[in-house]
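K.L.:
One structure is given below, represented as structure tokens, and several questions about it will come after.
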Amino acid sequence: MLAATWGAEMTLRALTIPNHEYLRSLFTSQQLLAVGRNTAIAGVGLSFLKLDNRLKAPKAVAYSLQGCGLKNTARAASVVLICDDCDHIQRAGELKEATLIVKRALNLLRSPLRHTGLELTGQSFSEAKIYLQTNIKDEHLVDGRINHSPADLEDDLQVLGHLCEFLHLEAKKACAMTAAVRHAAGLGLDMVGLDLRHDGRIELKLYFAPPEGVAGLSGAGGYSRAERALAALHAASMTYFQPQSWAALREIMTSNPTLCLNQISAEMQPSGLMKSKLYFDLWKREKTFDADQSAADFSFDALEGLRVAFRRPGISFPAAADLRALKEEAEKGEFVLDAFCLETLGEEAKIKIYIRPAGNTDGDGMTWESEHQ
């Protein structure tokens with residue numbers, strides 16, 4: 001979800017009245033208050049929503065902190081607010097320090113904090129999340145512009161080592177998984193996610209992707225690389241990727257040769273299983289490579305066309321009526337499909353769907369304030 005270039009000046013645009021109305025239909029008044037105060041921070045915008053299995057309500061909300069001029073104080077304020085929203089404000093200092101650890105390890109001029117987010121359980125915010133970019137290093141000024149170098153495996157392992165030491169997490173398996181994926185498929189550590197759970201634990205998520213500025217995996221060749229990456233990932237984590245998920249991935253990628261697999265995430269569970277997510281059509285990355293923006297958005301109709309690819313191997317897919325209703329509501333509320341992912345955990349496999357405000361064409365998210373209100 002990260003842009004290939006940060007250098008261009010980005011402009012935040014206000015949510016429209018239909019955006020507001022649609023959000024009010026999804027959130028409780030208390031949830032709306034939380035969204036409002038987060039996006040009231042100058043430069044922080046509503047980025048995307050993850051929907052529940054019936055596409056009726058949000059399961060998570062993410063805020064974008066990608067604005068080039070966004071001050072570190074604003075980023076820190078967003079971290080404090082999301083921790084407060086899930087009643088763990090006392091842990092905000094650890095998440096802020098984790099951000100600084102990555103910044104120092106990669107020798108960055110800017111903060112690596114790209115997004116914050118909140119997971120919902122029922123009507124309550126149960127978990128806070130931060131996402132740190134880790135695929136670039138050694139930022140420096142050249143003629144007033146910030147240049148950088150690509151991070152390599154040594155950088156990946158250094159970041160994970162420092163973070164795990166600070167947060168008292170097990171680094172060995174995370175480092176083994178990261179090295180295995182890079183060696184097998186050339187996918188580096190794109191981001192790390194830190195989830196502050198409802199019980200106060202902080203857990204690590206790994207996100208793998210092609211290097212900064214390189215398009216995602218697509219077609220038969222892309223499937224081959226994805227297959228190698230997943231095989232290496234599951235071997236290093238001593239877990240398995242179930243047959244129906246292999247079948248769905250093959251069907252999706254080979255029957256839709258222009259559809260890109262942008263990121264693969266891995267998250268070890270207390271049970272010893274690994275939750276993995278395969279993210280398709282992450283618009284922010286792909287829009288860099290299509291001057292006409294033709295691949296920037298995957299339509300709801302195109303998503304419906306993937307029903308067979310999921311259902312044939314036995315993976316649940318939203319009911320046709322629910323997907324139609326989402327399309328109609330999203331069109332009225334000026335929201336569009338942001339991405340979808342294939343999520344696997346043990347024997348389970350399911351699709352997750354993400355939407356974003358339609359006016360969000362530059363990646364910075366949408367501010368809550370509207371000139372019409």
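The values are calculated or read from the model by the stated rules, or taken from the named source; none is laboratory data. Quick caveat: nothing in here was measured; it's all calculated off a predicted structure. With ideal geometry, Cβ positions are generated from the backbone for all residues, glycine too; neighbour counts draw on all protein chains shown. When the accessible area is computed, the model is the full protein with side chains, heavy atoms only, and any ligands, DNA or RNA have been set aside. Shrake-Rupley method; radii C 1.70, N 1.55, O 1.52, S 1.80 Å.
K.L.:
Under 5 Å between amide H atoms, partner at least 5 residues away or on a different chain: which partners does Gly314 have, H built in plane at 1.01 Å?
P.N.:
none
K.L.:
What is the packing order of peptides 320-329, 210-219, taking the mean over residues of other C-beta atoms within 10 Å and listing the highest first?
P.N.:
For the peptides 320-329, 210-219, the packing ranking is 210-219, 320-329.
K.L.:
Please list, ordered by chain and number, the residues whose modelled amide H lies under 5 Å from the amide H of Val336; skip anything fewer than 5 residues away on the same chain.
P.N.:
Those qualifying (amide H under 5 Å, at least 5 residues apart or on another chain) are Arg356, Ala358.
K.L.:
Need the full-extension length gain, Arg91 to Asp152, defined as separation in residues times 0.36 nm minus the C-alpha distance. One decimal, nm. Mind dumping the intermediate values first?
P.N.:
On the way: separation 61, 0.36 × 61 = 21.96 nm, distance 3.04 nm.
Gain on extension, Arg91 to Asp152, equals 18.9 nm.
K.L.:
Taking the Cα centre of the stretch 93-192 as origin, work out the dipole magnitude from +1 charges on Lys and Arg Cβ and -1 charges on Asp and Glu Cβ, in debye rounded to 20.
P.N.:
Working: 11 positive and 14 negative charges, 25 e Å.
That gives the stretch 93-192 a dipole magnitude of about 120 debye.
K.L.:
Counting only protein heavy atoms, what percent of the accessible surface of the chain is carbon or sulfur at a 1.4 Å probe?
P.N.:
Details: 7890 of 14930 Å².
Taking all protein chains in place, the chain shows 53 percent carbon and sulfur surface.
K.L.:
A further question on this structure: Between Ser224 and Val142, what is the label-to-label distance in nm when each label sits 7 Å out along the Cα-to-Cβ direction?
P.N.:
So the label points at Ser224 and Val142 sit 3.3 nm apart.
K.L.:
Taking the chain as a Gaussian network, Cα atoms linked when under 10 Å apart, which of Arg225, Arg145, Arg104 shows the biggest mean-square fluctuation?
P.N.:
Arg145
K.L.:
Okay, moving on. In cubic angstrom, how much convex hull volume per residue do the alpha carbon atoms of the stretch 24-111 span? Spell out each step's value before the answer.
P.N.:
On the way: hull volume 9.7 nm³, N = 88.
Convex hull of Cα atoms, per residue: 110 Å³.
K.L.:
Just to be sure I understand: with springs between alpha-carbon atoms less than 10 Å apart, which residue in Ala302, Ala34, Ala248 has the highest mean-square fluctuation in the Gaussian network model of the chain?
P.N.:
Ala302
K.L.:
Find the relative contact order for the chain and round it to a whole percent, using C-alpha pairs within less than 8 Å whose residues are 6+ positions apart. Don't jump to the answer; show the numbers that get you there.
P.N.:
Working: 760 pairs, mean separation 82.4, N = 373.
That works out to 22 percent.
K.L.:
Rank Glu227, Glu165, Glu203 by mean-square fluctuation in a GNM of the chain with C-alpha springs under 10 angstrom and give only the top-ranked residue.
P.N.:
Among Glu227, Glu165, Glu203, the largest mean-square fluctuation in the Gaussian network model of the chain belongs to Glu165.
K.L.:
Continuing with the same structure: Take the alpha carbon atoms of the stretch 181-216, find their center, do the same for the stretch 220-247, and report the distance between the two centers in whole angstrom.
P.N.:
16
K.L.:
For a Förster distance of 56 Å, can you work out the FRET efficiency between the beta-carbons of Glu347 and Phe166, rounded to the nearest 0.05? Walk me through the numbers before you get to the answer.
P.N.:
On the way: r = 34 Å, r/R0 = 0.62.
Calculated transfer efficiency: 0.95.
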